[in-house]
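Data block below; observations after.
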Amino acid sequence: MDIKTLSYRVFSYGNNNIDLGGGELKIFQSILIFILCFQNSLVAHAESSMKAAFIREGNLWVKIDDKELQITDNGNAGSPEWSHDARWIAYSKQGEKPENLEIWAYNIEAQKNYLVFHHGYNFQWAPDRNLLAYQPQIGINLTDLRGDKPARTYDVAHGVDHFSWTPDGRGFLASSSACPRPDGWSNPVLFNIKLEDDFEPDNVFANAKEFFTIPGTLKKNNIEILSIGTSSFKWSPDKKWISFIVNPTASWSMDSNMLCILSSDGQKFEPLDEMASGFPFDWAPTSNLLGYIQGGGRMVFGFNNKNLKVKELPALQQLVLTPKNFVDLSFTWQSDENVVVSRSPELEWSNVPSKRALPILYRINILNKEQLQLSFPPNGYGDFNPEILQTNKKLSWTRSNWEKNNIWISELDGTSPEKWIENVDYLGAVTWYDPQ
């Protein structure tokens, strides 16, 4: 619609039109252009503002641009997650009983906290709507938060060990765990679960369709694990591949799990590599490149045997990007060609925090393997958990001495570093709103 047509509509009320002359119309058009540009600048500012939710002294806080706001005051909050439009933050809270982990949601506009569910975990926002899915023990529940406060809660699936929303937000990919039988363990099975338009299935079992059965044991090179359960699921940019972790029994899984990929039609499955519990894997922004930290053994066994690898799908070509005698702890994709990694020399674990590994951030070009140091922490501190904020074109990380943790940001090339949040409780205690 052009400005003249829009200005005419603004000054038309039913059949009573206000006639503007040529000079008056030009003046009005200039004013209208100014208003539209001003509104657009406000929208752009709102979209580009820096937003972070974080945990400090056990409480949930929010920082938007340069303003901090404390959300809770009971000292037992954790795991904040932004909704897709930044209107809500879901978080966990310890209930009156130690075994009860409550799910709460904070409405940014109303500045109010709401109890979503009294006992649940693994909460995840839909990718396109303010629907919060979570697990009450073994299953999937869904609470509608598209209004100003939580609406009805729906029971949408049973028997679920782990799940993720599908990329279109119209259902879930879920796993059922293996269980012991007289003749041995059964197999974990993946299911596609359709979400009805009214969110309420006539039968909670009717919408689950078996998708893939994971082999009972998985082997790669000289590593073999028993298949018991899975992690959440991550889709490649073209949605043709799904990556996830298959884990054995609880204690075993702290040291050795298997990263796997599965084609979205369920026809091709491949164990890729061994990973220890808690280490990241993620797809490049627009290419079928899967990055991950390979290597078994929990961190208390020493800062060693952790290598950043990148595999290209479907060819399964592999790059190893960690130099000898170094260890990579975490990473983030800056682009399809560049990865930012938190890297340290190999070192034995120590119960004395000052004697543990203190990593530095490096940017790696995966095409020519050029590696550039991006951060320069002071003595006694290391830089952990890099994250690219695509909306704001910034690099974020946690600077820590293993006891005190601060959030820093810089330009993408590491220049102009500044401390942005002081005193978060632990590594990974911040969640950025970054819709890109």
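So which residues in region 172-185 are surrounded by fewer than 20 Cβ atoms within 10 Å (Cβ to Cβ) and either under 17 Å from N141 (Cβ atoms) or in contact (Cβ under 8 Å) with a residue 24 or more places away in the chain (or both), if there are any at all? Reasoning before the result, please.
If we filter region 172-185 for residues that are surrounded by fewer than 20 Cβ atoms within 10 Å (Cβ to Cβ), which is where we start, we get 177, 179-185.
S177, G184, W185 - these are the residues of region 172-185 that are surrounded by fewer than 20 Cβ atoms within 10 Å (Cβ to Cβ) and either under 17 Å from N141 (Cβ atoms) or in contact (Cβ under 8 Å) with a residue 24 or more places away in the chain (or both).
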Point to revise | Flag for M258 being surrounded by fewer than 22 Cβ atoms within 10 Å (Cβ to Cβ) and more than 18 Å from the chain's Cα centre (by Cα) | key: no
**Study point:** Enumeration of residues in region 200-215 that are surrounded by 17 or more Cβ atoms within 10 Å (Cβ to Cβ) and either of a type in the set (A, V, I, L, M) or assigned to a loop (DSSP other than H, G, I, E, B) (or both)
**Key:** P201, V204, N207, A208, I214
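From the list Y121, Y134, which one is in contact (Cβ under 8 Å) with a residue 24 or more places away in the chain, crowded, with 18+ Cβ neighbours inside 10 Å, out of contact with any helix residue (DSSP H, G or I) (no Cβ under 7 Å at 6 or more places or on another chain) and not hydrophobic (A, V, I, L, M, F, W, C)? Before you say what the answer is, go through the steps one by one.
Details: Y121 fails: crowded, with 18+ Cβ neighbours inside 10 Å.
Result: Y134 is the single residue among Y121, Y134 that is in contact (Cβ under 8 Å) with a residue 24 or more places away in the chain, crowded, with 18+ Cβ neighbours inside 10 Å, out of contact with any helix residue (DSSP H, G or I) (no Cβ under 7 Å at 6 or more places or on another chain) and not hydrophobic (A, V, I, L, M, F, W, C).
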Exercise for review: Given the conditions (1) modelled with pLDDT under 90; (2) open to solvent by less than 80 Å² (accessible area, probe 1.4 Å); (3) not aliphatic (A, V, I, L, M), report the number of the one that P98 does not fulfil.
Suggested key: (2)
Exercise for review: Sort out which residues of region 391-407 are surrounded by fewer than 22 Cβ atoms within 10 Å (Cβ to Cβ), under 18 Å from I364 (Cα atoms) and either in contact with a Phe, Trp or Tyr (Cβ under 8 Å, 6 or more places away or on another chain) or in contact (Cβ under 8 Å) with a residue 60 or more places away in the chain (or both), and write them in order of number.
Suggested key: K394
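Kindly provide the set of residues from region 226-239 that are in contact (Cβ under 8 Å) with a residue 60 or more places away in the chain and within 18 Å of K311 (Cα to Cα), ordered by number. Step through it out loud before you land on a result.
Applying the first criterion (in contact (Cβ under 8 Å) with a residue 60 or more places away in the chain) to region 226-239 yields 229-236, 239.
Within region 226-239, F233, K234, W235, S236, K239 qualify.
Can you pull out the residues in region 309-335 that are closer than 16 Å to Y292 by Cβ and surrounded by fewer than 16 Cβ atoms within 10 Å (Cβ to Cβ)?
Once the filter is applied, which keeps residues that are closer than 16 Å to Y292 by Cβ and surrounded by fewer than 16 Cβ atoms within 10 Å (Cβ to Cβ), region 309-335 yields E312, L316, Q317, Q318, V320.
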Practice item. Need at least 2 residues that are more than 24 Å from the chain's Cα centre (by Cα) per element, so show me which strands (runs of 3 or more DSSP E) inside region 369-436 make the cut, counting only ones lying wholly within it. Key: 371-373
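Among the residues of region 226-234, is any basic (K, R) and over 14 Å from S175 (Cα atoms)?
Residues of region 226-234 that are basic (K, R), as a first pass: 234.
Next cut, over 14 Å from S175 (Cα atoms) only: none.
Checked against the condition, which is being basic (K, R) and over 14 Å from S175 (Cα atoms), region 226-234 yields no hits at all.
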Point to revise | Unique residue being open to solvent by 20 Å² or more (accessible area, probe 1.4 Å), in a loop (DSSP other than H, G, I, E, B) and either at pLDDT 95 or above or closer than 29 Å to T431 by Cβ (or both) when the list is G147, G169 | key: G147
Point to revise | Residue list for region 216-225, filter: open to solvent by less than 40 Å² (accessible area, probe 1.4 Å) and among the aliphatic types (A, V, I, L, M) | key: L218, I225
Check your understanding: Of these, N351, N307, which one is more than 24 Å from D413 (Cβ to Cβ) and in contact with a Leu (Cβ under 9 Å, 6 or more places away or on another chain)?
Key -> N307
Practice item. Show the residue pairs that are 6+ apart or on different chains and have beta-carbon atoms under 7 Å apart, the first residue being within region 357-383 and within 18 Å of A284 (Cβ to Cβ) and hydrophobic (A, V, I, L, M, F, W, C), the second being open to solvent by 10 Å² or more (accessible area, probe 1.4 Å) and assigned to a loop (DSSP other than H, G, I, E, B). Key: I366/E337; L367/E337
**Study point:** Residue tally, condition closer than 15 Å to D434 by Cβ, touching a Phe, Trp or Tyr at 6+ places or on another chain (Cβ under 8 Å) and in a loop (DSSP other than H, G, I, E, B), over region 52-107
**Key:** 3
Revision key, fill the gap. Going through (1) assigned to a strand (DSSP E or B); (2) at pLDDT below 95 one by one, V246 fails only at (2)
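Listed residues I293, I223; which is among the β-branched types (V, I, T) and without any contact (Cβ under 8 Å) to a residue 40 or more places away in the chain?
Details: I223 fails: without any contact (Cβ under 8 Å) to a residue 40 or more places away in the chain.
Answer to the check: I293.
The values are calculated or read from the model by the stated rules, or taken from the named source; none is laboratory data. Model, not experiment: these values are computed from the prediction. For neighbour counting, all protein chains shown are included, and Cβ atoms are generated from backbone atoms with ideal geometry for every residue, glycine included. Surface accessibility is based on the protein's heavy atoms, side chains included, excluding ligands, DNA and RNA. Shrake-Rupley method; radii C 1.70, N 1.55, O 1.52, S 1.80 Å.
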